[in-house]
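Heads up: the structure comes next, in structure tokens.
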Amino acid sequence: MVSSRQLEILVKNMGELPTLPSVFFTVSKMLSEPRTSASDVGQAVSSDQVIASKILKIANSAFYGLTGRVNTVSHAIAVLGFSSTKNIVLTTSILSTLNLKTPIGGFNLTAFWKHSAAVGAIAKLTAKEVCPQKQEEAFAAGLLHDIGKLVLAICAPEDFARCINHAVSKKCLFLEAEKELLGVTHADIAAWINDKWKLPAEIATALTNHHKNIDASGKYSELVAIVKLADVLARGLQFGHACDNSIPIMEDKSWDLLKMTPQKLDKILIESHEAMQNSMVFVNAD
């Protein structure tokens with residue numbers, strides 16, 4: 001078993017964790033400039049065929065429900081908007097960067113991504129009810145919230161498998177298995193990843209704090225609470241698999257922060273099935 005220090009070194013230096021595609025940083029910089037046009041961004045995105053193809057696929061999927069066929073990247077960006085485009089570029093960059101090359105006993109990668117997509121979809125629905133201006137950030141944070149687990153699977157597959165087996169046999173959260181067996185968690189690993197990738201601050205906070213007390217999340221606590229709730233609901237709805245068979249406890253402060261009412265919760269649950277199905281376009285292979 002690797003020590004927490006060994007794991008940190010391994011994660012920070014693993015060959016399978018290269019820098020994110022340059023198009024992500026190019027697009028992020030462009031979108032911060034007020035004079036940037038959809039045509040400008042489209043030209044930059046088109047330099048990376050994987051991301052360009054993904055944007056077109058998502059724009060023409062049921063996820064955004066656009067009317068009419070979108071045939072060019074610039075048109076897709078124009079109709080999706082810059083916020084959606086930025087987060088599609090971010091999530092696609094990360095998903096295309098991390099590849100689990102060897103199967104791990106007890107781990108179903110498809111079910112993992114299904115859970116991740118579900119959390120993203122429910123997070124977006126929740127944001128729609130409590131802070132509509134953060135829907136895209138909520139989706140990206142939800143989709144990527146467990147990315148530390150995948151990095152652990154890539155860089156320490158035997159320890160990852162042991163954590164899964166422990167979580168299932170002890171009927172505890174994967175997080176608790178990580179703490180007991182490794183002394184570090186996937187949230188810690190997400191923090192190490194962010195040291196290298198420099199993800200958007202609010203999304204990075206959700207990745208590192210979604211199992212912590214909400215007070216630790218500072219000014220991004222609302223987004224973290226949204227991801228917490230989405231994770232709980234996705235697990236309860238049994239859409240995909242989060243590497244364990246348990247459901248985290250949602251502390252009262254998170255409920256209070258979101259001002260979640262039974263009516264809002266019912267609406268989220270009613271809309272969740274279709275949203276979860278539609279969100280699979282982000283994680284399905286092209």
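The values are calculated or read from the model by the stated rules, or taken from the named source; none is laboratory data. Just so it is clear, the model here is predicted, and its values are computed rather than measured. Methodologically, a virtual Cβ is constructed for each residue, glycine included, from the backbone with ideal geometry; neighbour enumeration extends over all protein chains shown. Please note that ligands, DNA and RNA were not included when accessible areas were found on the heavy atoms of the full protein model with its side chains. Shrake-Rupley method; radii C 1.70, N 1.55, O 1.52, S 1.80 Å.
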I want to confirm something. Restricting to region 256-277 and keeping residues that are open to solvent by 50 Å² or more (accessible area, probe 1.4 Å) and under 21 Å from the mean Cα position of the chain (by Cα), which single residue is nearest to His211 (Cα to Cα)? Leu269
Which residues, counting only those in region 31-50, are open to solvent by 40 Å² or more (accessible area, probe 1.4 Å) and assigned to a helix (DSSP H, G or I)? Ser39, Asp40, Gln43, Gln49, Val50
Please indicate, with yes or no, whether at least one residue in region 136-150 is open to solvent by 10 Å² or more (accessible area, probe 1.4 Å), at positive phi and either of a type in the set (Ser, Thr, Tyr) or touching a helix residue (DSSP H, G or I) at 6+ places or on another chain (Cβ under 9 Å) (or both). no
Looking at (1) open to solvent by 20 Å² or more (accessible area, probe 1.4 Å); (2) of a type outside the set (A, V, I, L, M); (3) at positive phi, can you tell me which one Asn245 breaks? (3)
Which of (1) under 20 Å from Val232 (Cα atoms); (2) modelled with pLDDT under 95; (3) surrounded by 17 or more Cβ atoms within 10 Å (Cβ to Cβ) does Cys131 not meet, given it meets every other one? (3)
Among the residues of region 241-277, count how many are assigned to a loop (DSSP other than H, G, I, E, B), within 16 Å of Val119 (Cα to Cα) and hydroxyl-bearing (Ser, Thr, Tyr). 1
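Does region 92-115 include one or more residues that are touching a Ser or Thr at 6+ places or on another chain (Cβ under 8 Å) and modelled with pLDDT of 90 or more?
To start, the set of residues in region 92-115 that are touching a Ser or Thr at 6+ places or on another chain (Cβ under 8 Å) comprises none.
Among the residues of region 92-115, not one is touching a Ser or Thr at 6+ places or on another chain (Cβ under 8 Å) and modelled with pLDDT of 90 or more, which makes the answer no.
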Quick one: would you say Glu178 is among the acidic types (Asp, Glu), open to solvent by less than 50 Å² (accessible area, probe 1.4 Å) and without any contact (Cβ under 8 Å) to a residue 60 or more places away in the chain? yes
Could you identify the single residue in Ser53, Ser93 that is within 15 Å of Asn284 (Cα to Cα), among the hydroxyl-bearing types (Ser, Thr, Tyr) and open to solvent by less than 10 Å² (accessible area, probe 1.4 Å)? Ser93
Qualifying positions in region 197-242 - over 27 Å from Lys171 (Cα atoms), touching a residue at least 60 places away in the same chain (Cβ under 8 Å) and buried (at least 22 other Cβ atoms within 10 Å of the Cβ): Leu199, Ile203, Leu223
